[in-house]
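A quick write-up on the structure given underneath.
The values are calculated or read from the model by the stated rules, or taken from the named source; none is laboratory data. Nothing here was measured: the structure is a model prediction, and the numbers come from that model. When we count neighbours, we look across all protein chains shown, and the Cβ atoms used for this are built from the backbone with ideal geometry, even at glycine. Note: accessible area is taken over every heavy atom of the protein model, side chains too, but ligands, DNA and RNA are not part of it. Shrake-Rupley method; radii C 1.70, N 1.55, O 1.52, S 1.80 Å.
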Amino acid sequence: MDKDKKVFDALDSMGIVYEVVEHPPATSIEKASEYIEGKQGVRTKTLFLTNQKKTAYYLVVTDEGKRINLQHLADSLHEKRMKFSSESLLKEKLGTVPGVVSIFGLLCEQARDVHLIVDNAFQPDTIVTFHPGVNTKTLFMTVKDMKMFAHHLGIEVCMLSIA
């Protein structure tokens with residue numbers, strides 16, 4: 001099954017409302033933004049991080065323009081140090097590759113121990129964007145629905161100040 005179809009089927013079965021824009025492959029944040037210019041929604045960046053010992057995994061969602069201080073984030077999560085995960089760990093846990101990391105990687109069974117950290121600057125009705133497993137589509141949904149998605153998967157959402 002195509003990755004995006006799996007995402008759409010899951011959202012539909014959960015009763016989550018979303019909109020999709022199809023476009024040429026987005027090979028950078030700039031290109032992705034260009035393809036959806038004029039559409040309402042916060043362009044997100046989603047980072048897959050791990051603690052120093054690789055015993056805890058974090059999927060962090062924030063505004064694409066925001067800089068993330070990993071030490072501040074580590075302190076907020078009571079970790080000594082945070083780092084970007086390896087490409088192999090990203091593939092193992094979320095079934096994806098760099099460039100299309102999104103909350104939809106949480107559909108993988110291996111992702112059940114991943115902590116979802118969402119920037120608390122987002123309001124429940126804020127529309128956020130993600131690639132649905134492929135970089136030729138951009139999906140728009142509200143933060144409230146993003147949290148409902150995680151809840152359906154049994155994943156708790158931690159709203160945190162991302163700086």
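Only one residue of Val101, Phe48, Val134 has its Cα farthest out toward the positive end of the dipole of the chain, where Lys and Arg carry +1 and Asp and Glu -1 on Cβ, and that residue is Phe48. Under a model in which nothing but the beta-carbon of Lys, Arg (+1) and Asp, Glu (-1) is charged, segment 14-98 shows a dipole of about 520 debye around its Cα centre.
3J(HN,Hα) along segment 153-162: 8, x, 10, 7, 9, 9, 8, 9, 6, 9 Hz, from the Karplus curve 6.51 cos²θ - 1.76 cosθ + 1.60 with θ = phi - 60°, whole Hz, x for Gly and Pro. The listed residues Ser13, Ser86, once ranked by accessible area (1.4 Å probe) with the largest placed first, stand as Ser13, Ser86.
Take the chain with all the other protein chains still there, run a 1.4 Å probe, and you get 52 Å² of accessible area per residue.
Rounded to the nearest 20 debye, what is the charge dipole size of the chain about its Cα centre when +1 sits on each Lys and Arg Cβ and -1 on each Asp and Glu Cβ?
Magnitude of the dipole: close to 560 debye.
Using just its DSSP H runs of length 4 or more, each adding -39500 (n - 2.57), the chain gives a mean residue ellipticity at 222 nm of -7500 deg cm²/dmol after division by all residues.
Solvent-accessible surface (1.4 Å probe) assigned to Asp75 amounts to roughly 90 Å². With all protein chains in place and a 1.4 Å probe, the accessible surface of segment 1-152 carries 50 percent carbon and sulfur. Summary: within the chain, the longest segment free of GluC sites (Glu not before Pro) located in DSSP loops with at most 11 other C-beta atoms within 10 Å is 38-155.
For segment 68-149, a simple Cβ point-charge model (Lys and Arg +1, Asp and Glu -1, everything else neutral) yields a dipole of about 100 debye relative to the Cα centre.
Over segment 13-163, what is the percentage of antiparallel beta bridges among all DSSP beta bridges, to the nearest 5?
60
The alpha-carbon atoms of the chain define a convex hull whose volume equals 106 cubic angstrom per residue. Evaluating 6.51 cos²θ - 1.76 cosθ + 1.60 at θ = phi - 60° for every residue in segment 43-56, the Karplus couplings come out as 6, 9, 10, 10, 10, 9, 10, 9, 7, 4, 8, 6, 10, 9 Hz, glycine and proline recorded as x. Taking amide H as placed 1.01 Å from N in the peptide plane, Val118 has its amide H under 5 Å from the amide H of Val61, Cys158, Met159, Leu160, each at least 5 places away in sequence or on another chain. Pairs exceeding a 30 Å alpha-carbon distance, out of Lys3/Lys54; Lys39/Lys83; Lys53/Lys144; Lys31/Lys83; Lys3/Lys80: Lys39/Lys83; Lys53/Lys144; Lys3/Lys80.
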